[in-house]
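**Student:** I am attaching a structure below and will ask some questions about it afterwards.
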Amino acid sequence: MNEKVILSNKYFLAKGGERDCYIHPNDNSKVIKIVHRKGKHNNQNELEYIYNKFLLNNSIPFTHLSKCIGFINTNLGQGLIFDRVLDYNNKQSSSFKDFLQNELLSNEEENRLVEELKEYIFTYNILFIDVDLSNVFCCEYKKNNYRLVIIDGLGARRTGWRFNLYLKSRSFTKYKIKKQWKKFFKNFQNAKSKIYE
């Protein structure tokens with residue numbers, strides 16, 4: 001994309017370990033991720049672009065993922081555009097972590113959503129690596145109808161031989177998916193146990 005967008009605090013959404021996230025000034029349904037870390041970093045934008053392209057080339061449905069659109073030039077440097085996770089009423093969806101902490105759903109609904117996400121990840125071999133609960137949003141896509149959407153932490157932690165192996169070796173990928181899912185489920189159980197302590 002040749003257009004250059006101007007980002008400011010007005011559009012700022014969130015700060016991560018490596019990237020800042022902004023609402024696209026010209027499109028409320030998109031976000032732009034900008035690397036803010038000076039010096040050495042893990043090339044998260046490049047990594048997620050490659051992984052999203054891999055998913056698209058393999059015709060993977062993005063029902064539970066925030067889809068990557070492509071790179072864009074901004075006043076803060078090169079950014080990567082993603083679909084923004086919005087509820088049916090066009091409001092920003094909240095993280096699954098927030099939903100759990102504020103007990104916004106029934107125990108049964110929480111378990112159902114997690115089971116649905118698991119089925120999606122294992123069916124389509126999705127590499128969800130950074131399994132923090134804040135990397136999953138709970139989208140109310142219709143009134144009182146929810147789904148979990150992964151917004152960050154896909155592919156690998158950094159580019160390199162291991163990431164390339166994930167993309168080429170199905171057995172290695174399956175091993176990694178099982179390992180990371182156990183960590184995610186543990187995070188989920190820990191979050192719930194803190195509520196009932």
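What follows is calculated from the coordinates using simple rules that are stated; it is not laboratory data. Keep in mind the model is a prediction, meaning the values are calculated, not measured. FYI the Cβ positions are ideal-geometry reconstructions off the backbone, even for glycines, and counts take in every protein chain you see.
**Student:** What does the charge count around His24 come to, taking other residues whose C-beta lies under 15 Å from its C-beta (Lys +1, Arg +1, Asp -1, Glu -1)?
**Tutor:** Values: positive: Lys4, Lys10, Arg19, Lys30, Lys33, Lys67, Arg84; negative: Glu3, Asp20, Asp27, Asp83.
Once positives and negatives cancel, what remains is +3.
**Student:** Here is a follow-up. Under the rule of at least 5 residues apart or a separate chain, name every residue whose amide H is placed under 5 Å from the amide H of Thr159.
**Tutor:** Result for Thr159 returns nothing.
**Student:** Then there is this: Quick check: from the Cα gyration tensor, does region 16-85 come out rounded (a/c under 1.5), prolate or oblate?
**Tutor:** On the way: a/c = 2.07, a/b = 1.30, b/c = 1.59.
It comes out oblate by the Cα gyration axes.
**Student:** Lys and Arg at +1, Asp and Glu at -1: add these up for the other residues within a Cβ distance under 13 Å of Ile60 and post the number. Mind showing how you got there, number by number?
**Tutor:** Numbers: positive: Lys53, Lys67; negative: none.
Taking every other residue near Ile60 into account, the sum is +2.
**Student:** Given H placed on each backbone N at 1.01 Å, which residues far from Ile129 in sequence or on other chains put an amide H within less than 5 Å of it?
**Tutor:** Under 5 Å from the amide H of Ile129 lie the amide H atoms of Leu154, Gly155, each far enough along the sequence or on another chain.
**Student:** Right, another one. What Kirkwood hydrodynamic radius do you get for region 1-159 when you take the inverse of the mean 1/r over all pairs of distinct Cα atoms, in Å? Intermediate results must be reported in sequence, preceding the final value.
**Tutor:** Numbers: mean 1/r = 0.0611 Å⁻¹.
Radius from the Kirkwood sum: 16.4 Å.
**Student:** Under 16 Å from the Cα of Lys4, which aspartates and glutamates turn up, not counting those fewer than eight places away in the same chain?
**Tutor:** Within reach: Asp27.
**Student:** Let me ask another. Restricting to the chain, compute how many DSSP beta bridges are antiparallel as a %, nearest 5. Can you show the working numbers first?
**Tutor:** On the way: 30 of 33 bridges.
The answer is about 90 percent antiparallel.
**Student:** Looking at region 11-116, which chymotrypsin sites (Phe, Trp or Tyr not before Pro) are DSSP coil and have at most 16 other C-beta atoms within 10 Å of their C-beta? Don't skip to the answer; put the middle values down first.
**Tutor:** Working: sites: Tyr11, Phe12, Tyr22, Tyr49, Tyr51, Phe54, Phe62, Phe71, Phe82, Tyr88, Phe96, Phe99; in loops: Phe62, Tyr88.
Taking region 11-116 and a limit of 16 other Cβ atoms within 10 Å, the loop chymotrypsin sites (Phe, Trp or Tyr not before Pro) found are Phe62, Tyr88.
**Student:** Gap in Å between the Cα centre of region 152-186 and the Cα centre of region 8-79?
**Tutor:** Value for the Cα centre distance between the two parts: 20 Å.
**Student:** Please give the calculated 222 nm ellipticity per residue for the chain, where each DSSP H segment of at least 4 residues contributes -39500 (n - 2.57) and the sum is spread over every residue; nearest 500 deg cm²/dmol? Can you show the working numbers first?
**Tutor:** Working: 5 runs with 71 residues, N = 197.
Taken over the chain, the calculation gives -11500 deg cm²/dmol.
**Student:** Could you give the semi-axes, largest first, of the ellipsoid that matches region 102-174, computed as the square roots of 5 times the alpha carbon gyration tensor eigenvalues and rounded to whole Å?
**Tutor:** On the way: eigenvalues 159, 33, 18 Å².
Listed largest to smallest, the semi-axes of region 102-174 are 28, 13, 9 Å.
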